[in-house]
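The values are calculated or read from the model by the stated rules, or taken from the named source; none is laboratory data. Quick caveat: nothing in here was measured; it's all calculated off a predicted structure. With ideal geometry, Cβ positions are generated from the backbone for all residues, glycine too; neighbour counts draw on all protein chains shown. For the accessible areas, the whole protein counts, side chains as well, though only heavy atoms, and no ligand, DNA or RNA atoms are used. Shrake-Rupley method; radii C 1.70, N 1.55, O 1.52, S 1.80 Å.
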Amino acid sequence: QVQLVESGGGLVQAGESLRLSCAASGGSFSINTMGWYRQAPGKERELVAHITSGGSTNYADSVKGRCTISRYNAKNTVYLPMNSLKFEATAVYYCHAHTPRFDYWGQGTQVTVSS
């Protein structure tokens, strides 16, 4: 059973930056891919970025060039610094971990960007 603990959300003004962190524990040795999804009010959950254990990355078009996901395998932690945030980035951000058997989700952290 993998547990995911997120941190780093909050309220910022447009143009400012935030860094999200997610630490995995409890069976995290089996994790292949870790990353972040987000869900804005009235919208479906969507991928923001993810990274494999080998370092391959994938980003949503809306965030390309404004964030760089990184992963510290020794601590089973993934980081997502987000720069030049726009109002449209306001959402609940969920950490995600994919293992060969299950997908795991964090409890979510709110990111609010004021315009």
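Of note:
- Qualifying positions in region 79-103 - touching a residue at least 40 places away in the same chain (Cβ under 8 Å), open to solvent by 30 Å² or more (accessible area, probe 1.4 Å) and either of a type in the set (A, V, I, L, M, F, W, C) or in a strand (DSSP E or B) (or both): 79, 81, 87, 92, 94, 98, 102
- Which listed residue, of 58, 76, is out of contact with any Phe, Trp or Tyr (no Cβ under 6 Å at 6 or more places or on another chain), among the polar types (S, T, N, Q) and either crowded, with 17+ Cβ neighbours inside 10 Å or under 22 Å from residue 114 (Cβ atoms) (or both): 76
- Elements of type strands (runs of 3 or more DSSP E) contained in region 1-40, each with 1 or more residues being open to solvent by less than 60 Å² (accessible area, probe 1.4 Å), closer than 14 Å to residue 51 by Cα and at pLDDT 95 or above: 18-25, 33-39
- Checking the stated criteria, residue 52 turns out not to satisfy the condition of being touching a strand residue (DSSP E or B) at 6+ places or on another chain (Cβ under 9 Å) and at pLDDT 95 or above.
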